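Presented below is the structure to which this report refers.
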Amino acid sequence: MNLKIVALAGGVGGAKLAHGLAKILSPENLTIIVNTGDDFEHHGLYISPDLDTVCYTLAGLANPVTGWGRVNESWNATENIAKLGGQTWFQLGDRDLATHLMRTSRLKKGDSLSAITHDFCHAWGIEHRIIPMTDDYMPTIVDTVEMGELPFQEYFVHQRCKPTVKGFRFEGVESVRPAEGVEKAINDADAVVICPSNPWVSIAPILAATKLNSTREAGFTSKKNPIVALSPIIGGEAVKGPAAKMYRELGIEPSALAVAKGYEGFVDGFIFDKVDAVLEPEIQNLGMKTMIIDSYMKDINGRERVAKDVLKFIHTLL
Ligand code: GDP
């Protein structure tokens, strides 16, 4: 299979499929474009949670239990921050801290996030290309009923996704440009894969930052390379995280169909779980080709199995 693929990914769900694709595709045939709308500053450090989750996962350094942070982590710094009266709602493991320290000092020197990510990947032995969606700062702001607008990590980690969501805003979106290499990777790709990431706060920021959704019709992609999405909603629920809760709070019944509707007119093919097979006619009515699979990626074998299904599906669309 010599397909050239661009994968759009958030953290947990995105990293799982990206990992599966990386097991099958050679480094020159896979580029992963990652959400940076979750990025924020904490204790003076620039933190890029989705980028780190994808990198740690592909490098085999990720913590398989938490879904974030590093395996074999220790917490000396966090314990001592607490002792000194510092905030610890966003936990920074000791090994993880090295990433944030190095990234922050290099950003301060003027290096771009994409150049830093490239060098970190090399140091961690990652051969596939991982690019942040933008080198500009475009933080996701969550508008909530109870607390008004909250920066994403304040909503997600500090408030544990409890406030009721009213909407989202991507600060500075008007002036944001895709990172170096993003446009070329998309233009050169045989297909774009939208990973099973949160459509509201992982995929929407990537589409906004890369202008992929609005510029496709205008010929941003030189060939009509198909765009394929995999549903993060299985049986009306998210595997992990607040995606289903967000749909409900925005007045939409969470389902694979709801995810497909969000990508209507943009996505050519939609893959969803066998437990949702009954939704197929309605999804096809949106003008999408469909594939039904076992989409739960329990372990590395599951990631590879789903990645193979995705590539098989893409072959039928070319
Ligand atoms: P975040 O940025 O860390 O929230 O991660 P993502 O946005 O990339 O991923 C969150 C989404 O991944 C959730 O909506 C989950 O339902 C979805 N997800 C996680 N694991 C799986 C899986 O094994 N299969 C599918 N289809 N979706 C998954």
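The values are calculated or read from the model by the stated rules, or taken from the named source; none is laboratory data. Remember, it's a predicted structure, so these values are computed and weren't measured experimentally. Cβ atoms come from the backbone with ideal geometry, glycine included; neighbour counts cover every protein chain shown. Keep in mind that these areas ignore ligands, DNA and RNA; they rest on the heavy atoms of the full protein, side chains included. Shrake-Rupley method; radii C 1.70, N 1.55, O 1.52, S 1.80 Å.
I'm trying to understand the selection: among the residues of the range 227-243, which are near the ligand (Cβ under 9 Å from one of its atoms) and within 16 Å of the chain's Cα centre (by Cα)?
Matches in the range 227-243: LEU230, SER231, PRO232, ILE233, ALA238, VAL239, LYS240, GLY241, PRO242, ALA243.
The set of residues from the range 303-318 being modelled with pLDDT of 95 or more and surrounded by fewer than 16 Cβ atoms within 10 Å (Cβ to Cβ) comprises LYS312, HIS315, THR316. Please specify each residue of the range 246-265 satisfying the condition of being open to solvent by 60 Å² or more (accessible area, probe 1.4 Å) and within 20 Å of the chain's Cα centre (by Cα). Residues satisfying the conditions are LYS261, GLY262, GLU264.
Select from the range 152-176 the residues that are assigned to a strand (DSSP E or B) and surrounded by 17 or more Cβ atoms within 10 Å (Cβ to Cβ) and list them in ascending order.
VAL165, PHE168, PHE170
Inside the range 266-291, residues that are more than 12 Å from the ligand (Cβ to nearest atom) and either open to solvent by 60 Å² or more (accessible area, probe 1.4 Å) or among the basic types (Lys, Arg) (or both) make up a count of 7. When the residues of the range 66-101 are filtered to those that are within 14 Å of the ligand (Cβ to nearest atom) and either among the hydrophobic types (A, V, I, L, M, F, W, C) or assigned to a helix (DSSP H, G or I) (or both), the one that is nearest to VAL239 (Cα to Cα) is TRP68.
Anything in the range 1-51 that is among the charged types (D, E, K, R) and more than 11 Å from the chain's Cα centre (by Cα)? List them, or say none. If the condition is that a residue be among the charged types (D, E, K, R) and more than 11 Å from the chain's Cα centre (by Cα), then LYS4, LYS23, GLU28, ASP39, GLU41 are the ones that fit. Number of residues in the range 102-128 that are touching a Pro at 6+ places or on another chain (Cβ under 7 Å) and assigned to a loop (DSSP other than H, G, I, E, B) equals 2. Could you list, in sequence order, all residues of the range 15-50 that are within 14 Å of the ligand (Cβ to nearest atom) and farther than 18 Å from PRO196 by Cβ? Scanning the range 15-50 gives THR36, ASP39, PHE40, ILE47, SER48.
Kindly evaluate GLY10 against the criterion of being more than 12 Å from the ligand (Cβ to nearest atom), open to solvent by less than 20 Å² (accessible area, probe 1.4 Å) and of a type in the set (Gly, Ala, Ser). It is false that GLY10 is more than 12 Å from the ligand (Cβ to nearest atom), open to solvent by less than 20 Å² (accessible area, probe 1.4 Å) and of a type in the set (Gly, Ala, Ser). Taken as a whole, the structure places ILE47 among residues that are over 23 Å from MET297 (Cβ atoms) and crowded, with 19+ Cβ neighbours inside 10 Å.
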